[in-house]
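Structure first, then comments.
The values are calculated or read from the model by the stated rules, or taken from the named source; none is laboratory data. The model shown is predicted, which means the values in this text are computed figures rather than measured ones. A quick note on method: Cβ atoms are made from the backbone with ideal geometry, for glycine too, and the neighbour counts reach across all protein chains shown. Protein only, heavy atoms only, side chains kept; ligands, DNA and RNA dropped before computing areas. Shrake-Rupley method; radii C 1.70, N 1.55, O 1.52, S 1.80 Å.
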Amino acid sequence: MFRLETLGVGDGSVAMAPDGRDVAFVLKRPQATAGTFGLPYLWGSDRGDVWIAPVAGGQSENVTRGLTDSSGFWAPTWSPDGKRLAMLSTRGGNVRVWTWTKSSRSLRMLSQRGTDAIVSDDVRWVSNNQLIFAALPDEERPTALELDHGVAEITAIEWAKAWRGREATASVLESGVPPSIRGRAARQLVVVDVPTGKSLTIDTSPDFTTLRLSPNGRFIAYLKQLGVWTPDSNHAPVRHIHQKIYQLAIGELEGGFRTHVMAGIGEVFRGSLVWSPASTELAVVGLSEGQTEGAAQVFRCRLNTGLCRPVSNKALVLDSPWNQTTVPPILWRGTQELLILARAESLGAKLAGPIERWWAVDEDGMSHALQDAGKIAPSSLRVEANGSTLIGILDGDVWRLDGRGHPSKRLTSGLARRVTSIEWPRSRQTPVGAEVVIGVRDSSANEFYVLSLGSGHAKRLISPSTDARLAAYDASTGAAAFVSNGRGGTFLWVRRPGKEDPSPTLATNTFLDRLYEGSLRKFKYRGLDGKDLTGWMILPVGYQAGRRYPVVTWVYASQVYGDDPPDLPATINDAHPLNLQLLVAHGYVVLLPSMPLRPYGEVDDPYAELLNGVMPGVDKLVELGIADPHRLGVMGQSYGGYSTYGLITQTSRFRAAVVLAGLSNLVSLYGTFDARERYEAFAREDPFRLWSTENEWMGNPPWKDPSRYVRNSPISYVDRVQTPLLIIQGDLDYVPIQQGEEFFTALYRQGKRARFVRYWGEDHVLNSPANIRDMWQRIYDWFDEFLGANPASTDPSRH
């Protein structure tokens, strides 16, 4: 685990140069090489290096060499002319913007100012020579660097004051007083000229986010903080997950970088900005003026008037429960019509229901469904470059859709394969031209085809391996980059223009070839409610049919599996600290049952549903002759920890249990401060604890429906526990460590077998290699004590 290098796909880790001549990629060094730990929200980027690979062939070059000083580089973004590369880096102890110049092969820091930027979208090229990003005040560091380390630094300073006794250490938080952003540290939106390093400040605010360059390159749209969210007692559940309220601003990139704020909208959700093709207006998701909660709407914001106005019918419900959208539910078709992905609430029984559909909405807010009721809605919807027609996937084929969303031409009639995805262009906001890359995926392989939208001809884009994923594609040259993170290692291949077969560019983690890996196997079963479910199991190496094995059931309520392998750390080429292959290597079969619940945000009693998908899955493995019914364990993390707490209060079938970072008492969980931000000046403003509890099927704060909180809290039934329990939690976990303390104390009070392991300085998932090793040894010891697994039984030479 600590030796694995990591290469991502679809997260900005691979970027093709605009001219198709080079590919930039981020390779994250092994965890064992990190200079410090406790930076989980950089997601390993503090160990990243940016490499350049020439598409025509030749040696890849590590242009950043972060290992020399334990720094990280990531989020590579090419300039429009492909001559420079912008990136982010921790070199020098802060996150800053750096650039690499292709002609001189030189790397340099663009600005001494730090930035809160984390992904490539946070730093934008506005010309071949100019970059725009939000700069922090002098000496300030971003949240990703401060979140876990900052609380330790604050306590060290403030506790020392209390011990000296000469200074007061009071920290006061107010309620009933409207919060204000006046006086808070201001960030600056700056444009930096790369050749000279000169910067121009174009706006100032406590925070900026979602920078979007207009298609014609003349404007930059962005969000600036307007205020702070405060709860509205008339609304439940809480819909906000972020405390910052943003307004939409426009910067003119010609004539002195003038900026102005768009009026007519109260709040704009992060990530929701979509430019019209003509660059004359934007579509955004947000709330009306004076609205702090309730249903989100789509607004059209015209540059010539400076006004935003809602256009989505209030009967259309956007599934945006957070004040952000990771993938905007918006498409522009031409210059006048918007397509909105939403659910109909009250447009008649024929169209009402929970199914999301695409709706065409004109300038006056008049809408109609793109599909008739009962018809299959297209997936992977894209707008063709002509702006009037659409393409999408219907029942395994790519179709061209007319203005009403009805299929007009089947484009893959000559392809005798079921299409599962449009792989390129990856963003639904990118209009498609003459061709797209489509994906065909089944349980054994990924395949790709370049589909001509004119002729319907699909040409195989040869993949280097069955598990490879398309990471980048250049339509003008046919160059492509593929990544695989599989059994034999991590690989990057590049398909050169004019060549059919991709060439190997990077090979790492090849030592995995010498290690055994447990095998994933799917099975079907029926829940207690009689509904069909799919589960998965991971079998140890050398598994023998007919022999019964100890089984550890990995649980997470609301997780429902399908025919595709689980998207979990369940393969050997995954550096996640909770990789389930570690249990398999120790001699256990791992069971992954489906645990369906009502859709997130609906009011329900999740505690009562926990047994539904789990126990029939256990029974199925017993029936198949795989599970030893006398050696059953259960384990879960986070909401899976809640699931584990709940299961062992309802059944004694499990002989041992492990809970990691679990929540046990929904009443005491409600409203507690995040341990990582507990001593911050504005700790009360974080709505996450309110949002997560009310939306995890409670529907209201606890004083409005106290019985629901009590009956869904495993702590309410702790007297029923007969299963020996190991509880593991970090003291900086945003699920408060008190959740584990309460459950452990209740068992201690009853004299029941339990162990509570606390890791100082650790967050929701352990980060320190020493702690991860210690945690796994304790998990092994616990299950071995009660389930009696024999690691030697996994040695294939013994069978």
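The table below gives the values:
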read-out	value
Region 52-70 - residue that is modelled with pLDDT of 95 or more, touching a strand residue (DSSP E or B) at 6+ places or on another chain (Cβ under 6 Å) and assigned to a loop (DSSP other than H, G, I, E, B) and, of those, surrounded by the fewest Cβ atoms within 10 Å (Cβ to Cβ)	Val63
Of all residues making up region 107-151, the number that are among the hydroxyl-bearing types (Ser, Thr, Tyr), more than 26 Å from Val9 (Cα to Cα) and open to solvent by 30 Å² or more (accessible area, probe 1.4 Å)	1
Residue in region 109-120 that is part of a helix (DSSP H, G or I), of a type in the set (A, V, I, L, M), over 11 Å from Val192 (Cα atoms) and in contact with an Asp or Glu (Cβ under 9 Å, 6 or more places away or on another chain) present	no
Any hit, region 278-288, residues being among the aliphatic types (A, V, I, L, M) and surrounded by fewer than 16 Cβ atoms within 10 Å (Cβ to Cβ)	yes
Residue list for region 588-633, filter: under 17 Å from Thr651 (Cβ atoms), among the aliphatic types (A, V, I, L, M) and assigned to a strand (DSSP E or B)	Leu591, Ala627, Leu632
Long-range neighbours under 6 Å by Cβ, at least six apart or interchain, first residue of a type in the set (A, V, I, L, M) within region 673-700, second assigned to a loop (DSSP other than H, G, I, E, B)	Ala675/Leu732; Ala683/Phe673; Ala683/Glu677; Leu690/Val238
Any hit, region 246-263, residues being touching a strand residue (DSSP E or B) at 6+ places or on another chain (Cβ under 9 Å), under 29 Å from Val603 (Cα atoms) and surrounded by fewer than 17 Cβ atoms within 10 Å (Cβ to Cβ)	no
Region 636-672, residues that are in contact with a Gly (Cβ under 9 Å, 6 or more places away or on another chain) and either farther than 30 Å from Trp703 by Cα or among the charged types (D, E, K, R) (or both)	Phe654, Arg655, Ala656, Ala657, Val658
Residue that is modelled with the highest pLDDT [pool: residues in region 225-239 that are of a type in the set (S, T, N, Q) and under 16 Å from Pro178 (Cβ atoms)]	Gln225
Residues being over 17 Å from Asp19 (Cα atoms), open to solvent by less than 10 Å² (accessible area, probe 1.4 Å) and either in a strand (DSSP E or B) or free of Cβ contacts under 8 Å to residues at least 60 places away in the same chain (or both) - total across region 487-516	3
Boolean, Glu174 is at pLDDT below 90 and not in a helix (DSSP H, G or I)	yes
Helices (runs of 4 or more DSSP H) fully within region 687-755 counting 2 or more residues that are open to solvent by less than 30 Å² (accessible area, probe 1.4 Å)	688-693, 737-750
Answer from Ile265, Ile245, Ile181 - the residue that is part of a loop (DSSP other than H, G, I, E, B) and under 27 Å from Gly671 (Cα atoms)	Ile181
The listed residue being touching a helix residue (DSSP H, G or I) at 6+ places or on another chain (Cβ under 7 Å) and either in a strand (DSSP E or B) or without any contact (Cβ under 8 Å) to a residue 12 or more places away in the chain (or both), out of Leu223, Leu211	Leu211
Qualifying positions in region 592-609 - within 30 Å of Pro40 (Cα to Cα) and in contact with a Leu (Cβ under 6 Å, 6 or more places away or on another chain)	Ser594, Pro606
Residues of region 517-547 that turn out to be within 18 Å of Val614 (Cα to Cα), in contact (Cβ under 8 Å) with a residue 12 or more places away in the chain and either out of contact with any strand residue (DSSP E or B) (no Cβ under 7 Å at 6 or more places or on another chain) or of a type outside the set (A, V, I, L, M) (or both), as a count	12
Unmet criterion (only one of (1) open to solvent by 20 Å² or more (accessible area, probe 1.4 Å); (2) farther than 26 Å from Arg258 by Cα) for Ser199	(2)
Of all residues in region 763-787 being acidic (Asp, Glu), more than 26 Å from the chain's Cα centre (by Cα) and open to solvent by less than 60 Å² (accessible area, probe 1.4 Å), the one that is farthest from Ala152 (Cα to Cα)	Asp784
